[in-house]
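All remarks here apply to the structure that follows.
Quick note: the coordinates plus some simple rules give every number you see, no bench work behind them. This is a predicted model, so every value here is computed, not measured. We place every Cβ from the backbone using ideal geometry, glycine too, and count neighbours over all the protein chains shown.
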Amino acid sequence: MYENNDAKKPELNEAFEVYLKDIKKELDIKNFRSLQDFFDNRMLIVHSIQQGIPHSLFQRIKEALPFTDNDWADFLNISVKSLQRYKIKKNYRFRPIHSEKIIELAEVAHKGKETFGSFDKFYLWLHTPSFALGNMKPVDLLKNSYGKEMVVDELNRIDHGIFA
């Protein structure tokens, strides 16, 4: 279970900071000012997925987001033991399929925190059945890209004050 630690947790922006410095140099990107700029730049996301997310970035994302090791294993469709093995491998990069999912989850969490004001409130919403999502818990929809889009669409509706 996620613990109420918003004050102690690193920001998601901080998780991407070092990674994006290297990418900006490599791709000669000048107009990057925020994490939202990263999520808005689809070519940058494609490049990041193709290169594979380094475990060091994943670890920072994992520390910033309100998901447990078991959640991550479910989302990535791998075992917790595999996640632990990757952690000790030097310079490990996730395969593109896992990298894409990690970025998707970071994007959802970024939108969720923006919508609810904290990861704690977002996490509570994720684990509460939603009428607008067929009485499913939003977290259960995050295991595939279609479900993820439904969750993002619902977050956008909530953000704009449109409730089902």
With +1 on the Cβ of every Lys and Arg and -1 on the Cβ of every Asp and Glu, and nothing else charged, how large is the dipole of the chain about its Cα centre, in debye rounded to the nearest 20?
680 debye
Say each of Met43 and Ile162 gets a label point 7 Å from the Cα, pointing the same way as Cα to Cβ; how far apart are those two points in nm?
3.1 nm
If each part is reduced to its alpha-carbon centroid, the range 67-112 and the range 127-163 end up apart, in Å, by 21 Å
Counting pairs of alpha carbon atoms under 8 Å apart in space and at least six apart in sequence, what relative contact order in percent does the chain give?
22 percent
By how many degrees, between 0 and 90 and to the nearest 10, does the Cα long axis of helix 55-64 differ from the longest principal axis of the chain?
30 degrees
Around Met136, which amide H atoms from residues at least 5 apart in sequence, or from another chain, sit under 5 Å from its own amide H, with H modelled in the peptide plane?
Ser130
Phi angles of the range 79-90, converted by Karplus (6.51 cos²θ - 1.76 cosθ + 1.60, θ = phi - 60°) into ³J(HN,Hα) in whole Hz with x for Gly and Pro, give 7, 4, 4, 4, 4, 5, 5, 4, 4, 8, 6, 5
Quick one: grab Rg to one decimal and Dmax as a whole number for the range 12-159, Cα atoms only, in Å.
15.2, 45
Quick one: helix 145-159 against the long Cα principal axis of the chain, what's the angle to the nearest 10°, folded into 0 to 90?
60 degrees
